[in-house]
Each structure stands twice: as C-alpha cells, then as structure tokens.
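Visitor: Before I ask anything, here is the structure I am working with.
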Amino acid sequence: WVNEDWLYMACTYFTPGDAKVLNHYAALTYLMDYGNISAASAFFEFFNNFKSLNYNTMGVPKKHKTRSGRDQRRGHLALKKTSFAVCKNCGSPARPHMPCMNCGYYKGRKVGK
C-alpha cells in the first residue's frame, strides 16, 4: 500500500525544498531501486530518522519563566533619568558633553546658533 509516491509526498510535505530531506529521499530511492528494501520499509525508515535530520521547527522553553525571573532579566531596560549640567556661559541647564541649546557655547567656544 506504500509506494515511491508516498515517500516523495512525505518528504516534500514536511520540508519542501530542504536539502537534507531531499538527500535522504534520494538515498532511500536508490536503496529501493538497487538495494533490497521495499517502499514501505523506506517510508517507515524516513519517519524513524526524521529527528536525526536535525530539522527543528523552533526553540521551545523547557521550563516556565517566573514573573520575578522575567522582571529581573528586564531590570536594565528601564529608561534612565537624563542628567543636566549648568552652562558656564549663560547658566541655563545643558546636557553634559553637548553644546548649550540656549546660547550654543561648548567648553567656552561658540559652536552653534
């Protein structure tokens, strides 16, 4: 009841165009043609070795991540408070290592505005 078409459909249904699976299919069809293996045993051999092809769909976590563990991981993602320095030229607040937005001076020199 199993023939070569079933084997091909099984190989291409799960992983269309995957080189590992197509190489496996080619090896099984070669064994079916020149070896002493039937289509049914090749079909079942494909499914038994499907895991060994290292075809993983996606990563799944083994354990549940608790709320505290999740929040500890996200602890450094919070926004930092912006710091300000006083401009030496006009006295208005300015970001450190940046020119003053009010007068355009940085380190005693005019650089903007």
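Visitor: Could you check how many residues of the range 59-113 are outside any loop (DSSP other than H, G, I, E, B) and open to solvent by less than 100 Å² (accessible area, probe 1.4 Å)? Break it down into steps so the answer makes sense when it comes.
Guide: Just the residues of the range 59-113 that are outside any loop (DSSP other than H, G, I, E, B), to begin with: 67-73, 75-77, 85-86, 93-94, 105-106, 109-110.
Applying the additional criterion that residues be open to solvent by less than 100 Å² (accessible area, probe 1.4 Å) yields 68-71, 75, 85, 93-94, 105-106.
Total meeting the criteria: 10.
The rows are residues; the columns are (1) among the acidic types (Asp, Glu); (2) at pLDDT below 90.
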{"residue": "ASP5", "(1), (2)": "yes, yes"}
{"residue": "LYS20", "(1), (2)": "no, yes"}
{"residue": "ALA40", "(1), (2)": "no, yes"}
{"residue": "LEU53", "(1), (2)": "no, yes"}
{"residue": "ASN56", "(1), (2)": "no, yes"}
{"residue": "ARG95", "(1), (2)": "no, no"}
{"residue": "CYS103", "(1), (2)": "no, no"}
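Visitor: Within the set of pairs 6+ apart or on separate chains, which have a first residue in the range 78-105 that is without any contact (Cβ under 8 Å) to a residue 12 or more places away in the chain and on the phi < 0 side of the Ramachandran plot, a second that is assigned to a loop (DSSP other than H, G, I, E, B) and of a type in the set (Phe, Trp, Tyr), and C-beta atoms under 9 Å apart?
Guide: Going by the 9 Å Cβ cut-off, the qualifying pairs are PRO93/PHE84; ALA94/PHE84.
The values are calculated or read from the model by the stated rules, or taken from the named source; none is laboratory data. Model, not experiment: these values are computed from the prediction. Glycine also receives a Cβ, built like all others from the backbone with ideal geometry; neighbour counts cover every protein chain displayed. The protein model used for the area step is the full one, side chains on, heavy atoms only, and it has no ligands, DNA or RNA in it. Shrake-Rupley method; radii C 1.70, N 1.55, O 1.52, S 1.80 Å.
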